[in-house]
Amino acid sequence: MKGSTHLAIGAAIGTAAALFFPFQPEHAALYLSVSTFSALAADLDGTSLLNGKLGQVSRWLRGSGLWIGLLLVFANSYLYVTEDRFYPSFAAISVTILLLGLVTSQGTIRNALVSLIGIGLLYAGWQTHQTWLLELGAFVAWVPWLKHRGMTHTVWALVLWGQIGWELQYQLKIDGIMATAIAGYASHLLADSLTPQGVKCFYPLIKKSIKLIPR
Ligand SMILES: [Zn+2]
């Protein structure tokens with residue numbers, strides 16, 4: 001399933017969470033970030049896309065999305081460091097573009113970049129004593145080296161993700177963060193199980209691909 005499709009489903013879940021739980025604008029932004037990131041995270045694995053089917057333009061877009069995203073995140077950090085200014089919506093858009101670029105690109109450089117981001121998160125978690133950030137960092141640093149649609153596309157990974165969500169909810173003391181994270185991650189597995197390839201969501205207990213499309 002395409003990264004942009006996962007992103008759209010994630011955004012819908014975040015919107016639903018923002019409406020379901022007591023509404024506050026900053027909480028709404030948080031639910032949206034958690035749900036979209038959760039909906040995309042599984043594809044931070046060693047993604048292998050069928051590039052043969054892609055035209056020149058989409059191939060270029062895929063490659064450049066990553067670099068445009070990086071550039072935007074860099075611009076955010078620059079503004080923050082030099083002028084002490086932080087724009088939440090600009091930052092959210094930048095991170096989303098970077099994330100989309102990461103889940104739709106492949107290769108050793110991309111994997112190393114994902115791992116590097118994971119190590120950065122680990123360091124931040126260690127510095128600020130935040131368990132969820134340590135766990136998230138370990139996840140992000142590790143998964144790019146896994147086979148595509150392998151361990152990240154299982155119910156075991158979903159449980160792990162729920163644990164990270166629970167730690168984050170505990171940290172922020174905001175209801176519904178864990179539920180939003182689980183719903184986002186589960187939506188990814190569900191969407192992929194609607195593709196012809198399916199997902200081995202109980203691997204290695206059940207090695208068969210689960211496909212929810214009617215034949
Ligand atoms: Zn996937």
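What follows is calculated from the coordinates using simple rules that are stated; it is not laboratory data. Worth saying up front: this structure is predicted, and the values here are computed from it rather than measured. Note: ideal-geometry Cβ built from the backbone for every residue, glycine included; neighbour counts use all protein chains shown.
Between the alpha-carbon centres of segment 175-215 and segment 106-174 there is a gap of 18 Å.
A convex hull fitted to the Cα coordinates of segment 36-126 yields 114 cubic angstrom per residue.
Annotation: amide H of ILE210 within the under-5 Å range of VAL199, LYS200, CYS201, sequence separation 5 or more or interchain, hydrogens built in the peptide plane.
Using the Cβ of ALA41 as centre and a radius below 13 Å, the other residues enclosed give a net charge of -4, where K and R count +1 and D and E count -1. Helical runs assigned H by DSSP (4 residues or longer) give the chain a calculated mean residue ellipticity at 222 nm of -23000 deg cm²/dmol, each run adding -39500 (n - 2.57) before division by the residue total. Across segment 126-207, Cα pairs under 8 Å and at least six residues apart give a relative contact order of 31 percent.
Based on the Stokes-Einstein relation at 37 °C and a viscosity of 0.692 mPa s, and on the Kirkwood radius from alpha carbon pairs, the chain is assigned a translational diffusion coefficient of 184 µm²/s. Neighbours of HIS153, meaning other residues whose beta-carbon lies under 11 angstrom from its beta-carbon, give a summed charge of 0 when Lys and Arg score +1 and Asp and Glu score -1.
Ranked by how many other Cβ atoms sit within 10 Å of their own Cβ, fewest first, the residues PHE202, PHE139 fall in the order PHE202, PHE139. Over the chain, Cα pairs under 8 Å with separation of 6+ residues give a relative contact order of 24 percent.
Among HIS27, HIS6, the order by Cβ neighbours within 10 angstrom, fewest to most, reads HIS27, HIS6.
Take the chain, connect every pair of alpha-carbon atoms lying under 10 Å apart with a spring to form a Gaussian network, then pick out the residue of VAL34, VAL73, VAL199 with the largest mean-square fluctuation. Fluctuation is largest for VAL73.
Counting every other Cβ atom within 10 Å of each residue's Cβ, TYR31, TYR123, TYR203 order from fewest to most as TYR123, TYR203, TYR31. At an R0 of 35 angstrom, the distance between the Cβ atoms of PHE23 and TYR87 translates into a FRET efficiency of 0.95. Among the lysines of the chain, pairs at least eight places apart or on separate chains and with Cα atoms under 27 Å apart come to 16.
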